[in-house]
1. Based on the Cα atoms of the chain, what semi-axes does the equivalent ellipsoid have, where each is the square root of 5 times one gyration tensor eigenvalue, given in whole Å with the largest first?
2. Which three extents, in angstrom, do the Cα atoms of the stretch 45-150 have along their principal axes, listed largest first?
3. Please compute the length gained on full extension between residue 108 and residue 152, using 0.36 nm multiplied by the number of residues separating them and subtracting their Cα-Cα distance.
4. At 222 nm, what helix-only mean residue ellipticity would the chain give, in deg cm²/dmol to the nearest 500, using -39500 (n - 2.57) for each DSSP H run of four or more?
5. Output ³J(HN,Hα) for the stretch 68-79: one whole-Hz value per residue in order, computed from phi by the Karplus curve 6.51 cos²θ - 1.76 cosθ + 1.60 with θ = phi - 60°, and x for Gly and Pro.
6. Label points 7 Å out from Cα along the Cβ direction at residue 76 and residue 130: separation in nm?
7. Which of 57, 70, 34 moves the most in a Gaussian network model of the chain with Cα springs under 10 Å?
8. Test of understanding: ordering 133, 126, 18, 92 by Cβ neighbours within 10 Å, fewest first, what list do you get?
Amino acid sequence: MGNTFWVSERRSGEYVKMSNGLTNVFISTFGLAATRLAGTDGERRITYWVLEHDQSARGIGTVGFTLAEAPFDPASFDTGREFLLRATAAIMDRSGWETLNYAPNVDILGRAVEEFTGLVQRVTPMDLDTAAMREWLAASGPDEPQFHGFPTCPQHRVFLTDFGCHPCNDGQWSRDTS
Ligand SMILES: [Zn+2]
């Protein structure tokens, strides 16, 4: 079980697996780092897209994703990927960790960050699935926070998605399943 993250659909051999608990910690800590770094709507949108992979709302073990389907702007792909790399690296700077009510295991999370970084480094403009990106935007309702100035959670300063705040939901989930 757990969640699997791929580079692209056609490169099915290149993936990273994370347990369900690690996935929650990874996405929460990514959200803490990325929300603090995001300076453009393109960067905010990629962060938001990752944060939508919320097991508390979508179901445990169902939030693996394919990086090629992330909402990169094909016209500035390198900038988008560079942002994703900076945000992933900032996880291990413990960006925003003081807002969490638990201490992430740095060894386990560090390995996941390293493997995920490898995936991000391997995405190329040729991999981008622009149809999937368009479908995602089209399926997003007009009430979603991403169309209303990207509000953040007052406790965690993480972008809210239509599912709420990932770290808040994660805290709830951890308590419910522990
Ligand atoms: Zn929160």
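1. On the way: eigenvalues 100, 73, 51 Å².
Semi-axes (√(5λ), whole Å): 22, 19, 16.
2. For the stretch 45-150, the Cα extents along the three principal axes come out at 37, 31, 28 Å.
3. Additional length available on full extension: 13.1 nm.
4. Roughly -15500 deg cm²/dmol at 222 nm, from the helical runs in the chain.
5. Rounded to whole hertz, the list is 5, 9, 5, x, 6, 7, x, 6, 9, 4, 4, 5.
6. Those two pseudo-labels are separated by 1.7 nm.
7. Result: 57 has the largest fluctuation of those listed.
8. Values: 133 19, 126 9, 18 23, 92 16.
The order, fewest Cβ neighbours first, is 126, 92, 133, 18.
Every number here is computed from the coordinates shown, using simple stated rules; none is lab data. Note that the coordinates shown come from a computational prediction; the quantities given were computed from them, not determined experimentally. Positions of Cβ are backbone-derived with ideal geometry, glycine not excepted, and every protein chain shown enters the neighbour counts.
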